[in-house]
């Protein structure tokens, strides 16, 4: 069984945009959609938005604050009790009309077990190769799909271990990056992104200046390209293949122990 986990907190306007786009995704009828609203100042308003969308099957409210790291861990662990595949998005991640078609392709991929997850976001600024999916070793939290096996074997045991890094504390997404590197795992990315982030204001770690710099010129699929995806046999020249320096430093320190 397949589920879509939507994490929400204090941003009802963002959640409305995200659920509007999600409702228009082809194939959504094959998923259980769960919106989990963390405790906060605008919880009632945020929950009201979730209730207004027929595509949402379950609404979860928390009466104590779980927080940005614990909230996703709790939700994914609960959903994997009855589902074997999760598409995870946050309330500021807007999916393309064909985002779930790409997730379904990954779900049915014969060699799926070779990959830690499918990341739906990529840093795309042109629609070249819209059906190409590339291997990488770097994780993006702006929409991703993964299985119960990956969760139980790799992600849950090392969730947000907060390793000592030259840049101080890190969030759960950087911890996932470290897990992927530590175990030599690979992820898949679409050449053309299937999500866009709208969290310019009120982001946990971003501010408008850094958000503008990071997202300037980014585009996502308009859903008109079909679904005959293929995995690239090699990365094109100039495609970013490195990982963050702090990840390398942490792994090097572990190797020296």
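Restricting to the stretch 52-110, count the residues that are more than 18 Å from residue 160 (Cα to Cα) and out of contact with any strand residue (DSSP E or B) (no Cβ under 9 Å at 6 or more places or on another chain).
10
Scan the stretch 132-140 and give yes if some residue there is in contact (Cβ under 8 Å) with a residue 40 or more places away in the chain, out of contact with any helix residue (DSSP H, G or I) (no Cβ under 6 Å at 6 or more places or on another chain), assigned to a loop (DSSP other than H, G, I, E, B) and under 24 Å from residue 28 (Cβ atoms), otherwise no.
Yes: the stretch 132-140 contains one or more residues that are in contact (Cβ under 8 Å) with a residue 40 or more places away in the chain, out of contact with any helix residue (DSSP H, G or I) (no Cβ under 6 Å at 6 or more places or on another chain), assigned to a loop (DSSP other than H, G, I, E, B) and under 24 Å from residue 28 (Cβ atoms).
Tell me yes or no: at least one residue of the stretch 205-225 is modelled with pLDDT of 80 or more, closer than 24 Å to residue 103 by Cβ, part of a loop (DSSP other than H, G, I, E, B) and more than 20 Å from the chain's Cα centre (by Cα).
For the stretch 205-225, residues modelled with pLDDT of 80 or more, closer than 24 Å to residue 103 by Cβ, part of a loop (DSSP other than H, G, I, E, B) and more than 20 Å from the chain's Cα centre (by Cα): present.
Of all residues being part of a loop (DSSP other than H, G, I, E, B) and touching a helix residue (DSSP H, G or I) at 6+ places or on another chain (Cβ under 7 Å) in the stretch 37-63, which is farthest from residue 146 (Cα to Cα)? Just the residue, please. Can you show your working first?
Of the stretch 37-63, the ones part of a loop (DSSP other than H, G, I, E, B) are 38-42, 52-57, 62-63.
Filter once more, so that each one left must be touching a helix residue (DSSP H, G or I) at 6+ places or on another chain (Cβ under 7 Å): 38, 42, 53, 55-56.
On the way: 38: 22, 42: 30, 53: 25, 55: 21, 56: 20 Å.
Selected residue: 42.
Could you figure out which of (1) modelled with pLDDT under 95; (2) touching a strand residue (DSSP E or B) at 6+ places or on another chain (Cβ under 7 Å) isn't true of residue 166?
For residue 166, the failing item is (2).
When the stretch 64-87 is examined, which residues are found to be in a helix (DSSP H, G or I) and within 23 Å of residue 101 (Cβ to Cβ)?
Initially, the stretch 64-87 is screened for residues in a helix (DSSP H, G or I), giving 67-79.
Those that are in a helix (DSSP H, G or I) and within 23 Å of residue 101 (Cβ to Cβ): 76, 79.
The values are calculated or read from the model by the stated rules, or taken from the named source; none is laboratory data. No experiment lies behind these values; they were computed from the predicted model shown. Note: ideal-geometry Cβ built from the backbone for every residue, glycine included; neighbour counts use all protein chains shown.
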